[in-house]
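As structure tokens, the structure follows; a few thoughts come after it.
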Amino acid sequence: MAAVCVYPGSFDPITVGHLDIIQRAAKLYDTVIVAVLHNPGKQGCFSVEQRMDMIRTACQGLPVQVTCFDGLLMAFMRETGTNVVLRGLRAVSDFEMEFQMAQLNHQLAPEVETLFMMTTPQNAYISSSLVREIGAFGGDISAFIPASIEETVRIHLLNNDCQK
Ligand code: COA
């Protein structure tokens, strides 16, 4: 049976930190499903379709499937028949929330395992919201965004094209 993991998140937009986790997961799994959370309650900067397109571009050549979901992650796992969730940990500050989510998700779906991968140190400080802020003020985002989508992200942020 092919080994599959699901890497869920907002990816608004995907950063080099996310890509690092995906590249490393691709060495361990036959397929990495990158699942973009469609959260009607949280106004994103990029539309879900734009985020998915950017992930596809950034992950070209990798065994990655890109999809989106709304509602509960555990419902998505059951619908897709997958049972490994991968999450990246950047710092101790991530741990508390991740620990809580993993515990609650385990209660909702005990057959699903949540696995954690430490972010490489140089990416530990990156977050999508700070990259959005730097880009919106015309700062250089090239160190934080995969090169294949940097221009798209830069122009979008500079033009203040975030979803209204
Ligand atoms: N490198 C760099 N940055 C990273 C990163 C990495 N490896 N991993 C996460 N981040 C950043 C993201 O850019 C994001 O930054 P931001 O907050 O500044 O935008 C932040 O960490 C958190 O983002 P993300 O990992 O995408 O998590 P999330 O909180 O947006 O989404 C879900 C987490 C999707 C897994 C969770 O909300 C979920 O499962 N939702 C569905 C509803 C549900 O099932 N709820 C019950 C949960 S018990």
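The values are calculated or read from the model by the stated rules, or taken from the named source; none is laboratory data. The shown structure was predicted, so the numbers you read here are calculated from the model rather than taken from an experiment. We place every Cβ from the backbone using ideal geometry, glycine too, and count neighbours over all the protein chains shown. We work out accessible area using only protein heavy atoms, side chains counted, and drop any ligands, DNA or RNA first. Shrake-Rupley method; radii C 1.70, N 1.55, O 1.52, S 1.80 Å.
The table below lists the values:
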| read-out | value |
| --- | --- |
| Subset of the range 59-87 that is touching a strand residue (DSSP E or B) at 6+ places or on another chain (Cβ under 6 Å) and within 11 Å of the ligand (Cβ to nearest atom) - its residue that is nearest to F144 (Cα to Cα) | R87 |
| Matching residues, the range 24-47, being away from the ligand (no atom under 12 Å from the Cβ) and among the β-branched types (V, I, T) | T31, V32, I33 |
| Criterion (open to solvent by 30 Å² or more (accessible area, probe 1.4 Å), basic (K, R), over 30 Å from M1 (Cβ atoms) and more than 9 Å from the ligand (Cβ to nearest atom)) met by exactly one of R132, R154, R56 | R154 |
| The range 88-103 - residue that is in contact with a helix residue (DSSP H, G or I) (Cβ under 9 Å, 6 or more places away or on another chain) and free of Cβ contacts under 8 Å to residues at least 60 places away in the same chain and, of those, nearest to the ligand (Cβ to nearest atom) | M101 |
